[in-house]
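Peer 1: Quick one: the structure is below, and I'll ask about it shortly.
Here, each number is a calculation from the coordinates, and none is a lab measurement. Computed from a predicted structure; not experimentally measured.
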Amino acid sequence: MQRYRRPIPLLAISLVAALISSQGIANRQPDQQGALPSMPELSVSPPPSVTKSNNPKPKPAQKAILGLFEKYEVVGMNVDHGAKDLNDFILALIRNPEFPNKVNDIAVEGGNSHYQPILDRYILGENVSFAEVRSVWRNTTQVSFGLSNFYEEFFPLVRQINKALPREKKLRVLAGDSAIEWDKVKTRQDLKLYGGKNRDTTIASVMENEVLSKHRKALMLFGVFHLFHGMNGSAVEIYEKRYPNLTYIISDYSGFGQRVPSASKYNDELTKRIASWSVPSLVNVKGTWLADMDFAYFFPPLLIGQPNGKLKAGFPQGLSSFSKAVDGFLYLGPSDLLLSEHIPTSVYMDQDYLSELRRRGAIMNDGGALENILENEKSSGSGE
């Protein structure tokens with residue numbers, strides 16, 4: 001049985017602090033029901049009225065995204081984090097026969113850059129077993145990647161697509177997560193020697209060295225907080241200092257104002273505005289009523305560390321408006337019909353791997369992230 005998505009999947013919540021902890025975000029874990037730690041209420045401005053001039057013009061999403069590569073060298077999209085509809089859309093996009101004519105590389109968050117040579121050989125169709133290449137996404141800095149059904153499907157799919165392509169058209173997959181050698185990490189001190197470096201710096205370096213400096217075209221699949229234009233410390237903000245105006249960032253719809261009452265009270269009104277959009281569709285944000293809306297309409301607030309050591313609810317520095325951080329808005333259907341992704345059965349059956357994840361979690365003091373994710377998977381199976 002498929003499960004309907006909760007407003008904010010636990011997988012996304014449990015990762016968000018870890019994704020951007022280098023920017024002063026508190027490393028807090030949700031409880032087993034996926035609730036964020038208690039935070040003060042945020043005040044938001046009412047959404048702008050709809051006019052003839054600011055009403056978005058949705059376009060068929062696959063065609064629109066492929067068309068973006070005529071103007072941009074990089075298109076960045078949110079990926080995984082428990083959202084099945086989004087994962088399925090990305091896999092369908094990659095299957096599009098036009099995709100290899102538009103794109104050279106696919107950069108992914110869920111891949112340990114230490115294993116790039118193995119990944120290259122596998123994606124090109126060389127004699128690399130699935131068990132061997134699985135280290136790419138199972139041995140990362142993030143627990144969730146090793147539990148992801150998306151990556152279990154994504155890497156073999158690209159390998160299969162490449163079999164039918166001439167060498168000059170073959171896709172390359174770039175692993176964007178920091179290089180870490182877990183077999184050498186026995187203590188927290190070892191993390192400084194063998195991995196655990198700033199992830200956004202690693203991502204930016206991969207994009208600069210393997211894509212932008214070579215004038216290649218890339219689909220960039222990362223958690224959206226790595227992708228925002230202008231957000232202090234995001235991977236895209238880092239590399240755009242040297243390579244500006246080459247990247248188009250897409251955020252996906254999952255409801256309006258979740259966990260922020262002052263924003264969520266407008267959810268029904270805003271949902272009606274987009275109810276007629278086709279599925280899937282993409283709109284350009286600039287110049288529309290979406291553009292200047294508060295971030296709390298689109299993302300849950302974060303707990304941000306203050307100079308006095310206290311925590312404050314809000315968003316990282318640089319996120320002044322939606323349109324300054326994001327260029328496109330992807331609609332995959334009503335939020336109450338979106339599905340959550342299952343953890344692969346093979347993970348549950350691999351007790352040695354789960355034991356290894358628990359060992360890593362103890363070293364990283366991750367607050368029980370693995371147990372939270374597994375418990376949420378069990379408790380949400382009814383789809384309620």
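Peer 1: With 32 Å as the limit, write out which pairs from K59/K217; K59/K197; K192/K312 have Cα-Cα distances beyond it, or answer none. Show your work: numbers first, answer last.
Peer 2: On the way: K59/K217 22 Å; K59/K197 39 Å; K192/K312 29 Å.
The pairs that break the limit, which is 32 Å between Cα atoms, are K59/K197.
Peer 1: State which entries of K265/K310; K170/K272; K170/K378; K163/K241 exceed 31 angstrom in Cα-Cα distance in the structure shown.
Peer 2: Values: K265/K310 29 Å; K170/K272 42 Å; K170/K378 39 Å; K163/K241 37 Å.
As for pairs spanning more than 31 Å Cα to Cα, those are K170/K272; K170/K378; K163/K241.
Peer 1: If you don't mind, there's one more thing I want to ask. Check which residues have an amide H placed less than 5 Å from G111's amide H, if you skip close sequence neighbours.
Peer 2: Sorted by chain and number, the residues that satisfy this are G176, D177.
Peer 1: Quickly estimate the mean residue ellipticity at 222 nm for the chain, helices only: each DSSP H run with n ≥ 4 gives -39500 (n - 2.57), and the total goes over all residues, rounded to 500.
Peer 2: Values: 17 runs with 136 residues, N = 384.
The helix contribution divided over the chain gives -9500 deg cm²/dmol.
Peer 1: Just for the stretch 235-384, what percent of DSSP beta bridges are antiparallel, to the closest 5?
Peer 2: Values: 8 of 11 bridges.
In the stretch 235-384, approximately 75 percent of DSSP beta bridges are antiparallel ones.
Peer 1: Now for a different question. As a test, work out the antiparallel percent of DSSP beta bridges whose residues both lie in the chain, rounded to the nearest 5. Let's see the in-between values first.
Peer 2: Numbers: 14 of 34 bridges.
Antiparallel: roughly 40 percent of the beta bridges in the chain.
Peer 1: Using 0.36 nm times the number of residues separating S49 and L193, minus their current alpha carbon distance, what extension gain do you get?
Peer 2: Details: separation 144, 0.36 × 144 = 51.84 nm, distance 5.36 nm.
46.5 nm is the gain from fully extending S49 to L193.
Peer 1: If you stretched the chain out fully between A362 and R273, how much longer would it get, using 0.36 nm times the residue separation minus the C-alpha to C-alpha distance?
Peer 2: Values: separation 89, 0.36 × 89 = 32.04 nm, distance 4.64 nm.
Going from the current span to full extension adds 27.4 nm.
Peer 1: Let me ask something additional. As a quick test, which of the pairs K169/K324; K57/K324; K57/K169 have an alpha carbon distance above 22 angstrom in this structure? Before the final figure, lay out the partial values.
Peer 2: Working: K169/K324 34 Å; K57/K324 19 Å; K57/K169 33 Å.
Among K169/K324; K57/K324; K57/K169, the Cα-Cα distance tops 22 Å for K169/K324; K57/K169.
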